Structures are given as structure tokens and as C-alpha cells.
1. In terms of modelled amide H atoms, which long-range or inter-chain residues lie less than 5 Å from the amide H of A:Leu64?
2. Return the long-range amide H neighbours of A:Val11 (sequence gap of 5 or more, or a different chain), with a cut-off of under 5 Å between placed amide H atoms.
3. Between B:Ala184 and B:Arg46, what FRET efficiency comes out of the Förster formula 1/(1 + (r/R0)^6) with R0 = 22 Å and r the beta carbon distance, rounded to 0.05?
4. Please compute the net charge surrounding A:Tyr55, taking Lys and Arg as +1 and Asp and Glu as -1 over other residues with Cβ under 12 Å from its Cβ.
5. Less than 11 Å Cβ to Cβ from A:Asp75, Lys/Arg counted +1 and Asp/Glu -1: what total charge do the surrounding residues give?
6. What full-extension length gain, to one decimal in nm, is calculated for B:Arg96 and B:Thr252 as 0.36 nm per residue of separation minus the Cα-Cα distance?
7. Whole-Hz ³J(HN,Hα) for each residue in segment B:97-114, computed from phi via Karplus 6.51 cos²θ - 1.76 cosθ + 1.60 with θ = phi - 60°, x for glycine and proline: what do you get?
8. Per-residue HN-Hα couplings for segment B:183-198, Karplus 6.51 cos²θ - 1.76 cosθ + 1.60 at θ = phi - 60°, whole Hz, x for Gly and Pro?
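Bear in mind these aren't lab numbers, they're just calculated from the coordinates by the rules spelled out. Quick caveat: nothing in here was measured; it's all calculated off a predicted structure. Quick reminder, even Gly has a Cβ in these numbers, built from the backbone with ideal geometry, and neighbours come from all protein chains shown.
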Amino acid sequence: MLRDQQAGLNVRLLVVEDEVRIAEILRSALSRAGFAVDAVGLCDDARAALAVNPYDAVILDLGLPDGDGLRLLKDMRAQGNAVPVLVLTARDAVEHRVAGLDTGADDYLIKPFAMSEVIARIKALLRRPEGALGALLKSGNIAFDTIGRDLRIGETVLVLPRRESAILEHLMRRAGRVVPKTVLEEKLYGIDDELGSNAIPVHVHHLRRKLMDRGATVEIHTVRGVGYLLVDGDA
Amino acid sequence: MTAPRLRSLQLRLAVQLAALFIIGSAAIVGVLVWRAYDTAGTLADRELSLRAADLAKYVAPASDGTPRLALPAALRDAYGAAPDADIFAVRASDGRLIAALPEAFGSVVERWPATTDDPSYFHLPGLAGKTQDYYGLGISVDSAVGPLSIWVARAAGATALVHSLLEEFVLDIAWVIPLFMLLALGVAILAIRSTLRPIREVSEIAASIGPGATSIRLPQANLPSEIVPLVSAVNRALGRLEQGFAVQRQFTANAAHELRTPLAIITGALENLEPNPEVGKLKVDVARMNRLVEQLLSVARLDAIALDVSGTVDLNDVAHQAVANLAPWALAQGRTLAFAGADRPVVVSGNAYAIDDAIRNLIENAVAHAPPRTEVTISARADGSVDVSDHGPGVPREDRERIFERFWRGRAAPAHGAGLGLAIVAEIMKAHGGNAKVDTGPTGGAVFTLVFPVR
């Protein structure tokens, strides 16, 4: 928990949710995860808050008493506000409004959702290269500096070969979620023009070995036929 | 076996009609035969009476005053000709025999009492010189010499004419009666059958009515008018049931919908509590409840609105995505997922969300039944099918149909899950014109297959 608080020290989130209890719980869970949280229940309040504060991410419920969350999202984007938005929606709405979600939202979660999932998704948005947590990626007891390209595991610091660090970076940006092998191949293409079909598994194998040997709490799992995911074993 | 068979209207009518026809034709033929014999008897009586009167005409007093029978030659020849010719005897009122042919008959009647005006009948077996029995009558007739007692009899064989007439009647005419009745019975059975055919058709339609197909109504065309009130009453009852079902479904949908917010609150609140074993268990319980509510909503949605399956879906892509989405969850459950795709897109018509839902339900089901640290493999095949195979105990052959029914739970099933997941899968596949089935894999685990119709 302490780790997370440090991680999110300067991150400010806006929660737009009209259900008071859910807003309360989101606020308390996100605060405990180390984020500063503002919560509003109306579209108008959200507009006002967005105009005043630069938020690092927005959690947006679609059904609001004074308007449609998608409308608010569209207006934000029209004004050039590129803040990452995680939409909370009912499952039946996804099917009918998928177009709206695709254009405006960065990610969406179907209600009812687990709070840990909200936090994981928010972190994933913040871990994007331009995100608030995009420069120093943290997971479990490891931290990867995307600028300096060094990996800290507990107290030890090591520098990874380029391909391995590229793979780790992408796995860490999407920690807890599967990164398709094809995506990793695209990322490596610029580095390694002669990418053999076996290259990714070999790099992952080395990476796994290094993490394990140095007592990392995170693990890289293989999802055969799909890709890889990095999981914080302690989480 | 007999009791239900006799409950058949068709059989009951046929049996009763057949009985009626058999009794009826027997009675008619019987009456006809009896009447024929009766008439023949009456005719014979009349003829014998006339004979007696005829004989009396030829009785006259002789020169010595004694009555004598003076038969014309022709008549005498007629009486005496054949061995079975008619016989007669004439006695005077004082009991003296006037004439008899043959003589033996005379000696018989000498012992008999005098006749009266009413004919008295007799049967004369074994008359001397005659081989046949004789039947006849005795009657008093007035004559020139006063009242006479005259007995006239005819050989039994002489009724042969009547017999042959009757025989002819039975052979030529009477057989028509049972035949006619048989035909009538046939016509009746055919009429019953053709009347009942629409009812059979209606019952076939009725058999297809179930909770999933409540909008069907029984057709009333071609039905016998006696049955129409029943059928229309049944249709009205179906209408009321359908309404009830709709209310029920709406209730389920609304209830599930309304449960989501409090569930989200409980879920979130639990995650904000300090972790301890009790909270851990509660989280598992709430996760189960979340899943159940989600499935109830899926079911309600499938019931309420026809699935739009007009889209174009790459099964390879949907299955790949489903595996990617569920792999972290499966890992948390201690199982791994693997995907084996086809080497090219597997394009089918359908609804990508529904297909994703179906695959997701199969994966969740497989993960729940697979032993820990085993792999669940999802395969998309070029023939338009998706397999989900596990290394669990498999599905017993006898459960392979029922497993797709709502709220059905196998004996071996762990206590989680409401038995809705596979029913949702089956309904989604039905909406796609395909089907879901389960078989046994090479390791004995279950292999669930979604089969889509080929485009």
C-alpha cells in the first residue's frame, strides 16, 4: 500500500458518478491506492471541475441525471482535452453504444466491476507513455525507468538488453493484462529487423530468468497462442 | 395396454359401430329367414286346407247310400304318382273311413279323434310304405254327405322348395347386408380418421410449445366444430400464460438490473476493508453473486429480444480476444488458458458480443471444472466451430443433453454457479442457427464445441 501511495503521489483523478455510495467507495479505494480524487455527480459539475483542474484521468459513469456521459466525453474531446477516460457502463449499453465508446473512451469497464479492476485499468491508462505514471513503470517490487532504461528489482539495479527491456516495458504498461505476441513483435520490429519466429519466447525466457533470480515479486505468464502477461504475485 | 387403447375415440367408435352392425345384420337376416319360413308355412297350411275342401267336393253318397270319394282320374294319379306325393284320409262323421291314400294312412287316422272346424296339425313319422316324415293338418269340412273329417299331409321333403328359395335369397341377396354394413363401417372409420387428422396436427403444434416458444397458437382451421371451442379456449389460456411469462421475465430483468448497483457497492466496500480471511470469503461470495446477476440479465435479454445475428464475425478474432480477456482471471484461479487459432479468419454471420459471451461462459465453465494447474484450450477451426477443452472429469454421456438446460447442475459440479452459463451458450447458438455440444477429449476431459452454420 505504501508503495502505491508513493507511486500515485502526484496523480489527480476525477470520478463522475451519480450513485453516491459507489462514488464514495471509488473515492476511498482510489485514495488508498495513492491517488488524489475529486468526485462529482453531474455533467455540469464535471465540466466545471475539468475546466479548473488538470486531471490525469477521468472515471466516467454514462448514466447521469443531467445528461449523457458520452455527450460530455465528446465535448471534452472536441475541446482538445485528451485526458485518459475510463468509462463505467452497463453491459447492455456496450453493445448499443460501442461506436461512442470507441471514439471517445480509452477503456471501459462493465458494471458491476471489481474495485481492484478499476484501479488496474486506471493504472494501465496512467502507464501509457504520455500518462502520469508513464515514465517510471512500477509493479510489485520492480520499477522500470522508461527514460533511463534501467530496471530496479528491490534494491538491485540492472540494465537489460534492448529487446528484453522493450518487452518488459510493454508488459509493465499493461500489467495484469495479456499483451498479444503480435503486439510485442510490432514493438520489436524497429529494433530487430530480422525477427525470427522464436525470438519473443527466447527473450521472454531470459527476462523471466532475470526477474526470478533477483527475487522479483512479479511473474511473466505465457498464454499459449495469445501472448504474455505480467502479474504481481503479491497483489 | 388395453385401457389407453380403448380411450381412443376412433377405436371406441369403430368397435361400437362394428358391434352394432354385426348384431343388426344378424337380426335382419334372422328376421328375414324366420319370416320366409313363416310365410312358407302359412302358404302350405292354406294349400292343405284347400286340398281338404277340394277332396270334400268329390265325396258323394253311393247308390247304397254310403258316402264315397269319387276322385277324377287326373287327381287320383296326382295323389298316387310319386313316392313322396301328398297323402290324405277322409272319415265320415260316424267315424267310418271313406277313403285314404295310401291305405296305411287310413288305418292310422282310424284311431284319431274326429276333426274340428279349426285345423289341427300333426306330424307323422314312419308311415308304412313311405320313407319321409309327413306334416299335415286335419280339418272338418262340410260335404254332400254331411260333415267330414279330412286329413291331408305333405312329405317333409316337399318344403325343399322353400329351403332352396331361402338358400337363393341368402346367397344372392342377404350377403349384401353384412357387406353393406362393412362398407358403412369403413366409411365411418375413414370419416373419423379424416376428422381427427387436424386434431393430430394441432397436437403436434401444441407439443412444440414451451417456455421458450410461448407465442405459438393452435390453428383452428379445418377442425371439427365440436373441438373448436376447446382449441380456442386453449389458445386464450396460452395468451394468458404468455403474458404471465412476459411479466416474469420483465421482473427477472428488472430485479437483476436493480441488483447491480447495490452489488457494486458491496463489492467495492469489501475491497476497501482490511484484508482478512473472512473478507476474502465474502469477496468470493460477492463475485459469485455478481456472476449470477450478470447471467440472469443475459438470460432475460435473450428471452426478451431477438438477437441480431446479421453481423460478420471472425471467430478466430473473437476467441483470441476472449482468451486474452479471461487469461488473467484464469491465472488467478490457478489455471492457464491456451488458444489454438485457425491460420486464416473464420468468418461467420452472427453477433460478436453474443459469441464472446458464449465463449466466455464455456471458458468459465471449463476453468471451474478443470483440476488446478491444468490448461484449458480454446480452438477456432476453419470449419466454423470453436472448441473449449479441459482436463477435468468430463461430462457423463447421460448428462450431455441436459447440461444445456437452465438451472441444471451435474452431480459432480462444484457448488458454484447457478446452472445458467451453458443454457445461455445453448440459446446464443440456437439464435445463430448453430448448436452447442459436449464430447470427451483424448484425455477424458470435456470438449465443448460451438458449431456455426457455414456461410
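1. Excluding prolines and chain starts, which carry no amide H, the hits are A:Gly69.
2. For A:Val11, the qualifying residues are A:Ala36.
3. On the way: r = 39 Å, r/R0 = 1.77.
Computed FRET efficiency for B:Arg46 and B:Ala184 comes out at 0.05.
4. Working: positive: A:Arg12; negative: A:Asp38, A:Asp56.
Residues near A:Tyr55 contribute -1 overall.
5. Numbers: positive: A:Arg47, A:Arg71, A:Lys74, A:Arg77; negative: A:Asp68.
Residues close to A:Asp75 contribute a combined charge of +3.
6. Numbers: separation 156, 0.36 × 156 = 56.16 nm, distance 11.88 nm.
Going from the current span to full extension adds 44.3 nm.
7. Calculated HN-Hα couplings, in order: 6, 8, 7, 7, 9, x, 4, 4, 4, x, 5, 6, 5, 4, 8, 7, x, 5 Hz.
8. 4, 4, 4, x, 4, 4, 5, 4, 5, 4, 4, 5, 6, 7, 4, x
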